[in-house]
Amino acid sequence: MGLKFGRAVIEALQKLGRGGHGVLVDSSLNDGNSWGHSTWPQAMSILNVLLSPDQLLVAVDTLAEDSRTGAKSAGAKLLLIPQHNLVLATRGSAQFFLRIYELALQASFRADFTMEQLGRELGLVVDQLWPAYEKAALEAGIARSDIGTELVLGGWSPQANRMVATAYAKNVSDEPARVQPLAGGLASPGEPLRGGQNSFAPAEVLAAGRIQAAWLNRSTGRQVAGGRLLAATLCPSGALISDLGAI
């Protein structure tokens with residue numbers, strides 16, 4: 001199987017470098033200078049996934065923090081690819097997440113796009129983009145221990161005729177991104193929810209988020225999770241994003 005999306009990324013970058021028209025991404029995606037923004041919002045916090053054959057729920061908090069100034073803001077840590085009934089969500093670097101989402105969204109316009117192809121190659125694209133991002137993040141003053149990303153791609157698979165989701169994680173350049181298809185779901189962080197029951201009920205999802213936020217803030221000694229808890233609920237007929245409440 002060829003690296004269709006990975007190669008398309010490179011080809012698009014080469015075309016743009018020659019003044020041509022790229023079909024997927026702009027040249028800044030693989031350019032270290034493009035990461036040098038004045039603010040570097042970080043999003044280490046909550047990422048929860050519940051998965052069944054006909055339903056997918058992804059929940060994230062909204063707290064983001066400028067790594068340079070410490071200023072708090074509200075961040076979008078889950079974004080839809082609505083025409084394919086997919087969601088991409090993150091826990092980690094908001095900057096890196098937005099780059100990956102831009103790539104995935106533009107790839108979704110291709111006539112031969114499939115969720116399965118994107119899912120197989122997303123980890124490879126993470127590996128391609130990571131060195132430039134890591135270099136720019138270090139130059140921006142972010143501690144190496146704070147540079148990392150967790151991503152989840154999920155949604156309706158026409159090929160499998162069910163909901164599917166895959167988790168990706170990356171924090172060092174000399175190892176490939178970790179890729180894990182999900183069976184029943186994911187809780188990140190999972191420690192405070194051990195022994196609990198999984199439930200799609202909004203009140204239960206919110207309660208779990210509040211437990212995780214309190215645990216994270218207590219264990220780190222500062223506020224790293226908070227704001228509102230947003231949930232994307234996907235079923236075969238479409239997606240709904242809900243604000244479940246303050247955490």
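Here are a few things to note about the model shown:
- Rounded to the nearest 20, the Cβ-based charge dipole of segment 170-247 about its Cα centre (Lys and Arg +1, Asp and Glu -1) stands at 200 debye.
- Segment 179-247 and segment 135-156: distance between their alpha carbon centers, rounded to Å: 20
- In a reduced charge model with +1 at each Lys and Arg Cβ and -1 at each Asp and Glu Cβ, segment 114-246 shows a dipole moment near 360 debye about its Cα centre.
- Dmax and Rg, reported as Rg then Dmax, of segment 122-171 (C-alpha, Å): 14.7, 46
- Hz values of 3J(HN,Hα) by residue in segment 152-162 - Karplus curve (6.51, -1.76, 1.60), Gly and Pro given as x: 10, 10, x, x, 7, 10, x, 5, 8, 6, 6
- Restricting the calculation to alpha carbons of segment 166-223 gives Rg and Dmax of 14.1, 41 angstrom.
- Taking only protein heavy atoms and a 1.4 Å probe, the accessible area of segment 85-137 is 65% carbon and sulfur.
- Magnitude of the charge dipole, segment 62-142, Cβ model with Lys/Arg +1 and Asp/Glu -1, debye to 20: 200
- By the Stokes-Einstein formula, at 0.890 mPa s and 25 °C, segment 111-247 with its Kirkwood radius over alpha-carbon pairs has D equal to 142 µm²/s.
- Rounded accessible area of GLU191 (nearest 10 Å², 1.4 Å probe): 90
- Each of SER157, PRO181, LEU103 was scored by the projection of its Cα onto the charge dipole of segment 97-181, and the greatest displacement toward the positive side belongs to SER157; charges sit on the C-beta of Lys, Arg, Asp and Glu.
The values are calculated or read from the model by the stated rules, or taken from the named source; none is laboratory data. From a predicted model like this one, the values you see are computed outputs, not experimental measurements. So basically every Cβ, Gly included, is an ideal-geometry build from the backbone, and we count neighbours across all protein chains shown. Heavy atoms of the whole protein, side chains included, go into the accessibility calculation; ligands, DNA and RNA do not. Shrake-Rupley method; radii C 1.70, N 1.55, O 1.52, S 1.80 Å.
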